[in-house]
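Everything below concerns the one structure shown next.
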Amino acid sequence: MNNNDIRSQFPILDVTVHGRPLVYLDNAATTQKPLRVIEALDGYYRTLNSNIHRGAHHLATEATERYETVRRQVQSFINARHHHEIVFTRGTTESINLVASSFSKRYFTGDDEVVVSGMEHHSDIVPWQLAGATLRPIPFSDEGVLDLDAYEKLFSPKTRIVAVNHVSNTLGTINPIADIIRIAHGHGVPVLIDGAQAISHIPVDVQALGCDFYCFSGHKMYGPMGVGVMYGREELLNEMPPYQGGGEMIENVTFERTTYNQLPFKFEAGTPSVGDVIGLGEAINFMQEVGVANIAAREDELLRYATSMLSQLQGIRLFGTAPHKTTVLSFLIGDAHPYDVGTLLDQLGIAVRTGHHCTQPIMDRYGIPGTVRASFAVYNTLDEVDRLFAALQRIMPMLQ
Ligand code: PMP
């Protein structure tokens, strides 16, 4: 599929911003949605809307079947052993909160440590703090590469779990999660992977990786907002108590005692976002039609080109220059505040993100308030990189 064929599937790319064609480079925050995903949502509400699992009528049966089909689709997409290891959530944040809350209730003893990376998103930091853990961060180099020797030394008898991101949303580093998992398992410690930034760029095989949990969001992989996935190994999920109580997650309820439903329903209390799950299924269809390897190759080209172009700009500082990285380009220009750069770029129709990107510890590590972040998806073009470069050249005199 050539780039025009891909772009033509995304209606929002035709929008103009301040009178100029939109250049959307905020894909790490959320990707845009192809027409087939938008139509799946529309079609669901026009012809299928119904609450699932308990209904005897046609719409309920059909909606249930579509919902459960997507569960199997996700199973196959990440190569999970069982479909009941796929739990639908609202997104990565809820997935990690679910694990932190439920895992800690089962396995924490009152003096507990969680090994995270120094480049975690807040959503893989705060849930563990809420669960009462002391965090032991893995340090990283100036380039943004985790120090695996230091990592090995962080394990203690108090280590309950390792929780790291597959790809950093601020630095773009692809972390060596296979090594991280192998080392943790050598210490008898399970591993959660935050895959929010990896799932749309890297083929994921949870069985080959051997991770215990893998979490991601639909909206960062061309799917709708409001849906995400928590993959967990059956043995652990069976041991862990429910996260929320309510409908669907029960087997039998009395005022004295409640027993819980089987997996995955034990972790899906209440009415799920059925239409969004169906939309996620369409997003996976889109990704598989283009091919995850093709998406990665295309984005790699964009990243390499953008890195070489932006490096030519005087006074630019790039953050995250690891040899293995995906399509995130974080930078600062001289002493200009990232927000000023972002606002001026917006005037020229270019959407980037500015700030700490929910990774304040990274900003502290470099002693900066934030960065400007351009991030690419499969529909971006080299021409758009040129527009970013030209826009930066144009605004630079205004930033002095
Ligand atoms: N982890 C990482 C690495 C992320 O980039 C994000 C989103 N910026 C999240 C977690 C949280 O994802 P969500 O907001 O979709 O729950």
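Details
- Straight-line cross-link reach from Lys105 at under 17 Å between alpha-carbon atoms covers these lysines, not counting any fewer than eight positions away in the same chain: Lys158, Lys266.
- Within segment 136-202, chymotrypsin sites (Phe, Trp or Tyr not before Pro) in DSSP loop having at most 16 other beta-carbon neighbours inside 10 Å: none
- Among the DSSP helices (H) of the chain, those spanning at least 27 angstrom by Cα along their long axis with an average Kyte-Doolittle hydropathy of 0.0 or more are 292-311; this is a geometric and hydropathy rule only.
- Average accessible surface for the chain: 42 Å² per residue, computed with a 1.4 Å probe over protein heavy atoms with every protein chain in place.
- Whole-percent carbon and sulfur share, accessible surface of segment 1-114, 1.4 Å: 49
- With the highest mean first, a sort of the peptides 159-169, 285-295, 91-101 on other beta-carbon atoms found within 10 angstrom per residue produces 159-169, 91-101, 285-295.
- Portion, in percent, of the accessible area of segment 115-234 that falls on carbon or sulfur, probe 1.4 Å: 55
- Heavy-atom SASA rank of Met398, Met249 (probe 1.4 Å, accessible area, largest first): Met398, Met249
- Heavy-atom accessible surface of segment 309-400: percent carbon and sulfur, 1.4 Å: 51
- Nearby lysines by direct alpha-carbon distance to Lys33 (threshold 25 angstrom, same-chain neighbours under 8 apart not counted): Lys220, Lys325
- Compactness of segment 114-204 as Cα Rg over 2.2 N^0.38 Å, two decimals: 1.00
- Treating r as the C-beta distance of Arg72 and Asp346 and R0 as 30 Å, the FRET efficiency rounds to 0.10.
- A convex hull fitted around the alpha carbon atoms of the chain yields 140 Å³ per residue.
- Length released on extending from Glu234 to Tyr305, taking residue separation times 0.36 nm less the Cα-Cα span: 21.3 nm
- Full extension of the segment from His83 to Met225, taken as 0.36 nm per residue of separation minus the current Cα-Cα distance, would add 48.9 nm.
- Distance (nanometres) between label positions extended 7 Å along Cα→Cβ at Gln393 and Thr109: 6.3
- Applying 0.36 nm per residue to the separation of Phe255 and Thr16 and subtracting their alpha-carbon distance, the gain on full extension is 80.2 nm.
The values are calculated or read from the model by the stated rules, or taken from the named source; none is laboratory data. A quick note: this is a predicted structure, and the numbers were derived from the prediction, not measured. So basically every Cβ, Gly included, is an ideal-geometry build from the backbone, and we count neighbours across all protein chains shown. Calculation scope for accessible area: heavy atoms of the full protein, side chains included, ligands and nucleic acids excluded. Shrake-Rupley method; radii C 1.70, N 1.55, O 1.52, S 1.80 Å.
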